[in-house]
Amino acid sequence: MPLSADYDIAIVGSGFAGSLMAMIARRLGKSVILLERGRHPRFAIGESTTPLSNLLLEELATRYHLPNLLPLCKWGPWQKTYPDLACGLKRGFTFYHHQPGRDPRRDDQLLVAASPNDAIADTHWYRAEVDSFFVKEAQKAGVEYLDEVRMQSACERGDEVRLEATRGGASLTVDARFVVDATGPRGFLHRAFGLPELPLPDFPPTQALYTHFTGVRRLDELAPSEEVPPYPVDDAAVHHVFEGGWIWVLRFANGITSAGVAASFDASADFSKGASAWQRTLDRFPTIGAQFASAEPTMPFVHAPRLAFRSGTIAGRCWALLPSAAGFVDPLLSTGFPLTLLGISRLAEIFERDWDSPRLPPALADYARQTEDELLATARLIGSLYATMANFPVFASLSLLYFAAASFSETARRLGRPHLASSFLLQDNPRFQTRELQERARTVRTEAESQALSDDIRRFIEPFNVAGLADPRRRNWYPADAGDMLRGASKLGADRDEVAQVLARCGFHAVP
Ligand SMILES: Cc1cc2nc3c(=O)[nH]c(=O)nc-3n(C[C@H](O)[C@H](O)[C@H](O)COP(=O)(O)OP(=O)(O)OC[C@H]3O[C@@H](n4cnc5c(N)ncnc54)[C@H](O)[C@@H]3O)c2cc1C
């Protein structure tokens, strides 16, 4: 039987982002339908959170009265509240640099702690379960949810969009005042509206190969360190970096580990070959080979032949792509979640403020511009990191641009000064323009040039550095140290007492 219905907002795609957007729209009093091609629980990639992404989720859950989401923002409350919902512990960002046939040494490591203890640590989301949880919460909030929907077309009709689909053999028509596309890169509206795809400047063509495994060994058992690292190196997002590419390793507490390789076309094996291409990559690097010696995939490998993506149009009169549908750069540095959450927060404000006003189209144009600017800034940074993967000292220095911007942004928001960090990577801050340093990094050839760049990056980040980054005495092992933040208080226009109060509120106690 054909079905037709009218809604204020139709959201296509029920990953965590579509479900979260749907819950918020309901809290704003809109009627909402959420349309999903598949069926939960299902595998999804994109698992590692960051301090900023967890803070953004916490802000959204607080502002829009979604208390059931709050425990998901930190490892401790998550374990206490939802012990059966799988996730992994992420205490920081671990980078090991590899050369063929050689084990990494102390100088081949960059460890950046994200939290001082497990209780307030970040997590890796086991997306099959977490996305199911989100969709159930959306239904509890009054969202109409339909799965196994085959979307067919979208058509703008004056001030609304008509969506045509089929479900279980019957046709389905939805008229919505607004459509949000949460279907990921090259997703529904991009295809249905025939939007152009644009290149990401200065970013190499890349591909990826990934799956979930059991039996992945811990690095701290394989190659115990003589010094005590700032956090257990495996309870982290582990990045094994080599010329032209890198491998991620994310451990969940249920015995499963997510791992995959992303690499430029020049540097990669033929990833379409799946398991054999994965094995060929492992065979080049002894430590990684040993880590996966007894690992077994739990599902077939997924090959993403074109990883990066940028849609040429991001919003229209009454529709918008979430940042995760508007573009994607690379899993390096886990930028997908914070970009997506920033986009959800901006669309939520637009719905709240401009729903019935003539300001809606200009507000959407601003949304599209911000989304694009942040995508391009991310691509410029990660593109320069790809270009320096063979030269680890340069790679490590350059990555401090990310860690300085991210920790400054997180602290500014926690201090109630979000205007100091209104854009991702501080990309719209005139004092944090990183393009010249990133371009220079690509040209470094000698040790002297490398040292000069590292010195310049240290000076450049200094006004934003609230995490003790670039201190040569730390030799690229950075703990989460309350003292660094207290010393950096004035950079955020705050005094030490104010920062101390924020730290106490967050459960952050000083490193002994
Ligand atoms: C290899 C890889 C690794 C990544 N790692 C990280 C990471 O560690 N950290 C991080 O922050 N980000 C990461 N990302 C980015 C991250 O995956 C995204 O930011 C995140 O998944 C966005 O969530 P989402 O809900 O918007 O989209 P998705 O999780 O992609 O969900 C999209 C949903 O839409 C549905 N759908 C698709 N097409 C249709 C259609 N036509 N009709 C109806 N439904 C449809 C899908 O079935 C799915 O349920 C990674 C991305 C990749 C590719």
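The values are calculated or read from the model by the stated rules, or taken from the named source; none is laboratory data. Bear in mind that the values here come from a model prediction, so they are computed numbers and not experimental data. For neighbour counting, all protein chains shown are included, and Cβ atoms are generated from backbone atoms with ideal geometry for every residue, glycine included. Note: areas computed on protein heavy atoms with side chains; ligands, DNA, RNA excluded. Shrake-Rupley method; radii C 1.70, N 1.55, O 1.52, S 1.80 Å.
Descriptive notes on the structure:
- So Ser31, is it crowded, with 19+ Cβ neighbours inside 10 Å and either modelled with pLDDT under 95 or not acidic (Asp, Glu) (or both): no
- Checking each residue in the stretch 378-391 for being open to solvent by 10 Å² or more (accessible area, probe 1.4 Å) and either farther than 19 Å from Arg310 by Cα or not in a helix (DSSP H, G or I) (or both) picks out Ala387, Ala390, Asn391.
- Which listed residue, of Arg127, Arg150, is within 11 Å of the ligand (Cβ to nearest atom) and either open to solvent by 50 Å² or more (accessible area, probe 1.4 Å) or without any contact (Cβ under 8 Å) to a residue 12 or more places away in the chain (or both): Arg150
- For Arg217: the one exception among (1) of a type outside the set (Phe, Trp, Tyr); (2) part of a loop (DSSP other than H, G, I, E, B); (3) closer than 30 Å to Pro361 by Cβ: (3)
- Looking only at residues of the stretch 34-70 that are hydroxyl-bearing (Ser, Thr, Tyr) and buried (at least 16 other Cβ atoms within 10 Å of the Cβ), we find that the one that is nearest to the ligand (Cβ to nearest atom) is Ser48.
- Filtered residue count, the stretch 351-370, keeping only those that are open to solvent by 10 Å² or more (accessible area, probe 1.4 Å) and part of a helix (DSSP H, G or I): 10
- A single entry from Arg474, Arg413, Arg505, Arg445 fulfils the requirement of being open to solvent by 70 Å² or more (accessible area, probe 1.4 Å) and modelled with pLDDT of 95 or more: Arg445.
- Some residue of the stretch 196-216 being open to solvent by 40 Å² or more (accessible area, probe 1.4 Å), within 10 Å of the ligand (Cβ to nearest atom) and touching a helix residue (DSSP H, G or I) at 6+ places or on another chain (Cβ under 9 Å): no
Matching residues to (1) open to solvent by 40 Å² or more (accessible area, probe 1.4 Å); (2) under 26 Å from Asp366 (Cα atoms); (3) at pLDDT 95 or above:
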{"position": "Leu398", "(1), (2), (3)": "no, no, yes"}
{"position": "Phe408", "(1), (2), (3)": "no, yes, yes"}
{"position": "Gln433", "(1), (2), (3)": "yes, yes, yes"}
{"position": "Phe460", "(1), (2), (3)": "yes, no, yes"}
{"position": "Ala470", "(1), (2), (3)": "no, no, yes"}
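- Which listed residue, of Ala141, Ala170, is at negative phi, open to solvent by less than 50 Å² (accessible area, probe 1.4 Å) and under 29 Å from the mean Cα position of the chain (by Cα): Ala141
- One residue alone among Gly316, Gly274, Gly245, Gly260 is small (Gly, Ala, Ser) and within 11 Å of the ligand (Cβ to nearest atom), and that residue is Gly260.
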